[in-house]
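Below is one structure, written out as structure tokens; the observations come after it.
Nothing in this text is a laboratory measurement; each read-out follows from the coordinates by a stated rule. Only a predicted model underlies this, so the values are computations on that prediction, with no experimental measurement involved. Glycine gets a Cβ as well: all are built from the backbone with ideal geometry, and neighbour counts include every protein chain shown.
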Amino acid sequence: MRCPGWNALGRPALVCGLTLSLWLGMAVVDGAEEAPADPLRQAALDGEIPAMLKLADEYFNGVNRPRNRTVAAHWFRKAAEQNSDAGIYNLAICYQQGFGVDRNDYRAFEWFQKAADRLNPAKFQLAGYFLSGIEPELTGSAPTPGLPADPERGTALLRELAAADYIPAVRELGRLGLQEPETSVEAVKLLRRAAAADDSAALRLLADCCFSGQGMETDEKAGFDYLSRAESLGDLEAKGKLAYCYELGIGVAPDAGKAFQLVREAAAAGLAMAQVKLGEHYLNGILIDQDPVKAVEYFRAGAEQGSAGGFYQLGVCYSGGFGVEADPARGFEYFLEAARRNHPAAQLKVGQLYREGKATPEDPAAAFYWFKRAAELNYPAGQRELALCYLGAYGTGRDQQTGMEYLLLAAEQGDPEARALLRPPDN
């Protein structure tokens, strides 16, 4: 089981001149050893560590020989067993990402530990594991224990790295500081320090602060400028967010054509949020010929990367027969998967389907649960439906006071149905 949340910090790369980009997908390969022999392989067999690392790199990336990540991991291990820091770190990455070996975060943690006192990237990865912990791996041929979360130790490691001016740690300390209002101003200072070193993730976080007013005054133009800087550094997520700015006119004059261009570019580069957005363009025929089948392809591509929006839109398509044969039961399953991933509109939809007994048997308790989940995400329609559950004793006990509180909250946030329910009847 992966340690949750740490990938958001930016994925690590192989070190010491190797060229792995961890945006690459995992290849399923045969574990057989290579043949015939060649000079580089012979040097590796003779125990030369630089040859082992170069051979591993070539197999990993498919340079000068067929890509084979199992063999790459084998040679990283050989180098690691001779105490090569590059071999140790890269073998840890293989375990963390499942490249050529079974994915196992505890094994990755063990290998990162071996190089953490010498390699800042390894210490940074250790900090992430201490912050979030590791769940035990109880299946497979080699079960491993878990690691209890130790936020104090993780934060201490980040502070050590930040003191050494390791920019990813500076940015991560800033991100953590944004979680509490009393530390948000200091967090912004840390993010600005990382942004000054052209850390694109820090630039994106600063943009979010500008838009929300967290730790600073709200400044949409500054937020747009931060995203533009991040995008110029090749940050794909920043490109997707810039499209949103152009679409809605946030920090820049609205420009639907520019927004659509950025969405297409980001979707082609594999950004899940852009793939889902492009699917919406195809589904609704916005700035492009309507093509529900193409829309489903993009929604599926986003969902395959774990996008809650992708799962939600697949639910819409299967429920309504858009681009696929209608299958309400399958649509419900997609809605449910999106709901589990904290998509509030999906949580609302799942609650409604449980209440109506459509595509799934009626279940008042389940309906109440999902309405409550949506309400907890401050989703006005979820608050309204939760209010009706309390007022009507549906899936829960009757609670007039709590019901009215949620109904008022939904109305204050502009929910038209909540407002209509609160409006005095005409005489």
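Say the cut-off is 26 Å between C-alpha atoms; which of LYS189/LYS221; LYS78/LYS114; LYS221/LYS294; LYS54/LYS239 go over it? Don't skip to the answer; put the middle values down first.
Values: LYS189/LYS221 19 Å; LYS78/LYS114 15 Å; LYS221/LYS294 35 Å; LYS54/LYS239 34 Å.
Flagged as over cut-off: LYS221/LYS294; LYS54/LYS239.
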Problem set entry | Fewest-first ranking of ILE49, ILE286, ILE93, using other Cβ atoms within 10 Å as the exposure measure | ILE286, ILE49, ILE93
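With a ≥ b ≥ c taken as the square roots of the eigenvalues of the C-alpha gyration tensor of region 347-422, please select rounded if a/c is under 1.5 and otherwise prolate if a/b is larger than b/c or oblate if it is not?
Values: a/c = 1.96, a/b = 1.47, b/c = 1.34.
Prolate, since a/c reaches 1.5 and a/b exceeds b/c.
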Exercise. Can you list the aspartates and glutamates whose alpha carbon sits under 20 Å from that of LYS258, skipping same-chain ones fewer than 8 residues off?
Worked result: GLU220, ASP225, GLU231, ASP235, GLU237, GLU247, GLU280, ASP289
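For region 347-422, give the magnitude of the charge dipole about the Cα centre (Cβ charges: +1 Lys/Arg, -1 Asp/Glu; no others), in debye to the nearest 20.
Values: 8 positive and 10 negative charges, 24 e Å.
Computed about the Cα centre, the dipole is about 120 debye.
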Seminar exercise, completed: Taking the alpha-carbon centre of each part, the distance from region 71-90 to region 368-385 in Å is 50 Å
For this session: Can you figure out the FRET efficiency of SER232 with ASN83, using R₀ = 41 Å and their beta-carbon distance, to the nearest 0.05?
Result: 0.55
Problem set entry | ASP399 paired with GLU48, simple spin-label distance in nm, labels 7 Å along Cα-to-beta-carbon | 7.2 nm
Seminar exercise, completed: Per the charge dipole of region 165-269 (beta-carbon charges, Lys/Arg positive, Asp/Glu negative, Cα centre), the residue among LEU203, LEU173, GLY257 reaching farthest to the positive end is GLY257
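When the Kirkwood hydrodynamic radius is evaluated over all pairs of different C-alpha atoms of the chain, what value in angstrom, to one decimal, is obtained?
Values: mean 1/r = 0.0406 Å⁻¹.
Taking every pair of different Cα atoms in the chain, averaging 1/r and inverting gives 24.6 Å.
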Exercise. Cross-link partners among lysines for LYS372, C-alpha distance below 23 Å, same-chain residues fewer than 8 apart left out?
Worked result: LYS349, LYS358
Problem set entry | Two-site FRET efficiency, ASP198 against VAL63, from Cβ-Cβ distance with R₀ of 22 Å, rounded to 0.05 | 0.20
Exercise. Gap in Å between the Cα centre of region 189-217 and the Cα centre of region 271-318?
Worked result: 30 Å
Exercise. For region 270-341, what is the convex hull (Cα atoms) projected area averaged across all directions, in square nanometres?
Worked result: 4.1 nm²
For this session: Would you mind computing, in nm to one decimal, how far apart the modelled labels at ALA253 and GLU180 are, each placed 7 Å from Cα along Cα→Cβ?
Result: 4.6 nm
Exercise. Taking springs between alpha-carbon atoms closer than 10 angstrom, which of ASN64, ASN120, ASN342 fluctuates most in the Gaussian network model of the chain?
Worked result: ASN64
Problem set entry | Charged-residue dipole, Cβ positions (Lys, Arg, Asp, Glu), the chain about Cα centre, Debye nearest 20 | 180 debye
For this session: Give me the distance in nm between label points sitting 7 Å out from Cα along the Cα-to-Cβ direction at VAL293 and ASP219, one decimal.
Result: 5.1 nm
For this session: Taking only Cα atoms and a 10 Å spring cutoff, compute GNM fluctuations for the chain and point out the largest among MET404, MET273, MET52.
Result: MET404
Seminar exercise, completed: Residue-ordered couplings for region 112-126, obtained by feeding phi - 60° into the Karplus form 6.51 cos²θ - 1.76 cosθ + 1.60 and rounding to whole Hz (Gly and Pro as x), are 4, 4, 5, 10, 5, 7, 10, 10, 4, x, 5, 4, 4, 5, 4
Problem set entry | Among LEU227, LEU119, LEU283: highest mean-square fluctuation, GNM of the chain, C-alpha pairs under 10 Å | LEU119
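Can you tell me the FRET efficiency between THR155 and GLU280 if r is taken as the Cβ-Cβ distance and R0 is 56 Å, rounded to the nearest 0.05? Intermediate values should be presented prior to the final figure.
Numbers: r = 40 Å, r/R0 = 0.71.
About 0.90, to the nearest 0.05.
Shape verdict for region 95-157, please, from the Cα gyration tensor: rounded (a/c under 1.5), prolate (a/b greater than b/c) or oblate.
On the way: a/c = 2.60, a/b = 1.41, b/c = 1.84.
Since a/c reaches 1.5 but b/c is at least a/b, the shape of region 95-157 is classed as oblate.
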